[in-house]
Amino acid sequence: MLELREGNKEAPSADRPKGSPADEEREEASKAILCRKCETTISEHRHRFAADGESDIRAFANPHGLLREVVTLRKAWSLELESWASAEFTWFPGYVWRVASCKSCGTLLGWRFESEGEKSPSEFFGLLTASLSGL
Ligand SMILES: [Zn+2]
């Protein structure tokens, strides 16, 4: 009887087989990127890509000299987009930008970059790492 009780002491989840590396990669890819303030899901890790061919995280100085770090994503959602777009001080040549805020809480999260011509992708998002969690 004692032995049986000992056996039952193990938590059911303790002997669950560990995920294979492929499983872990899949889990990593579907991990959510959230609005830091209200935790709305904005994107997933699988959508990260290097917009300039170098890195999916870039730091840029804004016109005031302030350094902003953005993660570039092919897809993002739950964003409220400004109706106007601008080409001024664009960080990605050939792209105009449009301000993107969290649809739930209104926090400025970054920008959508839209191609003016034949550039591919035709649009992507550059979101402020400081305003996101789950990165
Ligand atoms: Zn939010």
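Please treat every number below as a calculation from the coordinates, not as lab data. Only a predicted model underlies this, so the values are computations on that prediction, with no experimental measurement involved. With ideal geometry, Cβ positions are generated from the backbone for all residues, glycine too; neighbour counts draw on all protein chains shown.
For the reader, a short list of remarks on this structure follows.
- If the condition is being away from the ligand (no atom under 12 Å from the Cβ), surrounded by 14 or more Cβ atoms within 10 Å (Cβ to Cβ) and either acidic (Asp, Glu) or outside any strand (DSSP E or B) (or both), then region 122-134 contributes Glu123, Thr129, Gly134.
- Condition met for Leu127 (touching a Cys at 6+ places or on another chain (Cβ under 8 Å), within 21 Å of Glu28 (Cβ to Cβ) and touching a residue at least 12 places away in the same chain (Cβ under 8 Å)): no
Table: residues versus (1) surrounded by 12 or more Cβ atoms within 10 Å (Cβ to Cβ); (2) outside any loop (DSSP other than H, G, I, E, B).
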| position | (1), (2) |
| --- | --- |
| Val70 | yes, yes |
| Thr90 | yes, no |
| Pro93 | no, no |
| Arg98 | yes, yes |
| Cys105 | yes, no |
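- Among (1) of a type in the set (D, E, K, R); (2) closer than 30 Å to Arg26 by Cβ; (3) outside any loop (DSSP other than H, G, I, E, B); (4) free of Cβ contacts under 8 Å to residues at least 24 places away in the same chain - the single one Arg58 does not satisfy: (4)
- Checked against the criterion of being within 20 Å of Asp56 (Cβ to Cβ) and β-branched (Val, Ile, Thr), the candidates Thr90, Thr107 yield just one match: Thr90.
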